[in-house]
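Just so it is clear, none of the values below were taken in a lab; they were calculated from the coordinates. Since this is a predicted model, take the numbers as computed values, not measurements. A quick note on method: Cβ atoms are made from the backbone with ideal geometry, for glycine too, and the neighbour counts reach across all protein chains shown.
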Amino acid sequence: MSPRQPTPRPAGAGATTRYDSTGGHGHGLFTTGTPVTGWTVSTALPVRYQVRSTPGVLDPANPAIAEAGVPARPGRRRRLLVVEARVHELYGERIARYCEAQRIDHRLCVIPAHEQVKTMDSVFRVTRAMEEFGLARRGEPVIAIGGGVLTDVVGLACSLYRRSTPFVRVPTTLIGLVDAGVGAKTGVNFDQHKNRLGTYHPAVETLLDPAFLATLEHRHIGNGMAEILKVALIKDRALFELLDRHGPQLRAERFQHPAAAEVVGRAVGGMLSELQPNLWEHELERSMDYGHSFSPTLEMRALPELLHGEAVCVDMALTTVLAGQRGLVSPVECARILGLMARLGLPLWHRLLQPELLHDALADTIRHRDGRQRLPLPIGIGAGVFVDDLTPHELSRASSELHAAARALTVSQESRRAPAQARAEAA
């Protein structure tokens, strides 16, 4: 039975018009003689996306990229590949061979990707490539191959283009594998604020291949290790112990080490277990905000001096000292935490960590968290608590104490390195 159509009436025939939409379309908008003055729309947005460990993702025989995000279909496929410039330098030929082997008619959009170009201009560059490619709305997911900045930019572009276009992430940095590549958020920097413009638009699939890390600079390995340490400190003591035992070697070997799979697995699993029940951040007390209360302001003001994870580590060092002052972390635990940060080659302190910046950072965080601090602090190692009563005096005291601790650790490390260097030179 087809839906009943509204009965036409001449203009001015009455103050109300009956429109009784049946046939599964719900009740009418008007009840005869009684105008309705408001409506409530309520719907659920089902979200399902996959994060998969995919070794050998660029192996020409591996169909993971070609089939990601859409049902397998016979014949040739079309894909727009957005690739970070440095990744293209290293892997461009392999990407081309992969597309040929998997019968993918593709276009490359190669763009730089770092914090200084994490802007709407980069987003528009991607959307322009999507338009020129003639992208089908649902069946041709964009493939983003690069680090966290690249996947954030492509994700935002895809959320805007035709209001929602699917995309697939292939993160090539450690911070992409364990943090930026596994959540739902997209974003760019705006007006000197970190990720001030963004959306929630998860990739339909994220393919994790740690082989990319073999060509990553050691500093960028450390950058990602800071985000792993975040998960360890606030919710996973076993992960902290793994980092304490293997962390320096993992960094030195660029995660091409037997412990890497467990470390990455625990970090990704820990992150997703926190994100899944609160993907849209309706609840603003988020344990994964640990290390992200002061770091956004510090990172933006220090550009290009600090990488994201380095700023996060400074934030975690500061809040670890704060927790110690409140008796939440013992002196022994505090020393272990700061010592591990130093052994991982991460900064504990920055010269901009002054009262003015701390005040501005906390004020912006309070606005971001809807009028409250909701500041995550560690309880020992592997648990946390949220506080709302942090004072300027506490912050100033913690900053001074951290500065002294960072100097002492630097002196200690240099004194240990000197004999080793002398022995190496003598040999």
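Could you list H292, H359, H220 in order of exposure, starting from the residue whose Cβ has the fewest other Cβ atoms within 10 Å?
Details: H292 22, H359 14, H220 19.
Fewest-to-most Cβ neighbours within 10 Å comes out as H359, H220, H292.
Listing W39, W349, W280 from the residue with the fewest other Cβ atoms within 10 Å to the one with the most, what is the order?
Values: W39 6, W349 19, W280 11.
Arranged by neighbour count, lowest to highest, W39, W349, W280 become W39, W280, W349.
With Kirkwood's inverse mean 1/r over C-alpha pairs for Rh, give me the Rg to Rh ratio of region 50-216, two decimals please.
On the way: Rg = 14.4 Å, Rh = 15.5 Å.
That ratio is 0.93, to two decimals.
Where does each of T151, T186 land when they are ranked from fewest to most other beta-carbon atoms within 10 angstrom?
Neighbour counts put them in this order, fewest first: T186, T151.
In terms of the Cα gyration tensor, with a ≥ b ≥ c the square roots of its eigenvalues, is the chain rounded because a/c is under 1.5, prolate because a/b exceeds b/c, or oblate? All intermediate terms of the calculation are to be shown ahead of the outcome.
Numbers: a/c = 2.48, a/b = 1.46, b/c = 1.69.
Here the chain falls in the oblate category.
Give me the base-10 log of I(q)/I(0) for region 355-420 at each q in 0.22 Å⁻¹, Debye formula, one uniform scatterer per Cα, rounded to two decimals.
Debye output, listed in q order: -1.00.
Please grab the % of Cα pairs in region 148-235 that end up more than 19 Å from each other. It would help to have the intermediate numbers written out before the result.
Working: 1649 of 3828 pairs.
Roughly 43 percent, rounded to a whole number.
Would you calculate, for the chain, the mean residue ellipticity at 222 nm contributed by helices, counting each DSSP H stretch of 4 or more residues as -39,500 (n - 2.57) and dividing by all residues, to the nearest 500?
Mean residue ellipticity, 222 nm, calculated: -14500 deg cm²/dmol.
Could you give the angle, 0 to 90 degrees to the nearest 10, between helix 237-252's Cα long axis and the longest principal axis of the Cα atoms of the chain?
Long axis of 237-252 versus the principal axis of the chain: about 70 degrees.
Once all Cα-Cα distances of region 196-353 are split into 10 Å bins that start at 0, what whole-number percent is in each one?
Per 10 Å bin, starting at 0, the Cα pair percentages come out as 10, 37, 39, 13, 0.
With viscosity set to 1.306 mPa s and temperature to 10 °C, compute the Stokes-Einstein D of region 215-302, Rh being the Kirkwood radius across alpha carbon pairs; µm²/s, no decimals. Write down the numbers at each step before the final one.
Details: Rh = 14.1 Å.
Stokes-Einstein gives a translational diffusion coefficient of 113 µm²/s.
Under the rule of at least 5 residues apart or a separate chain, name every residue whose amide H is placed under 5 Å from the amide H of H106.
R79
Amide H to amide H, which residues 5 or more places from V204 or on other chains are under 5 Å from it, using H placed in the peptide plane?
F167
Could you order the peptides 102-111, 175-184, 236-245 from most to least packed, using the average number of other C-beta atoms within 10 Å per residue? Please list the in-between numbers first.
Working: 102-111: 16.0, 175-184: 25.0, 236-245: 18.1.
Ranked from most to least packed, the peptides come out as 175-184, 236-245, 102-111.
For the chain, build the charge dipole from Cβ charges (+1 Lys, Arg; -1 Asp, Glu) around the Cα centre, then report which of L160, G187, Y290 sits farthest towards its positive end.
Final value for the positive-end residue is L160.
Of the options A238, V117, T199, report the single residue whose Cα projects farthest towards the positive end of the charge dipole of the chain (beta-carbon charges: Lys, Arg +1; Asp, Glu -1).
Positive-end residue among those listed: T199.
Give, rounded to the nearest 20 debye, the magnitude of the charge dipole that the chain has about its Cα centre when Lys and Arg contribute +1 at Cβ and Asp and Glu contribute -1 at Cβ.
Values: 49 positive and 45 negative charges, 236 e Å.
That gives the chain a dipole magnitude of about 1140 debye.
Mind pulling the angle between the C-alpha long axis of helix 308-325 and the longest principal axis of the chain? Nearest 10 degrees, somewhere in 0 to 90.
70
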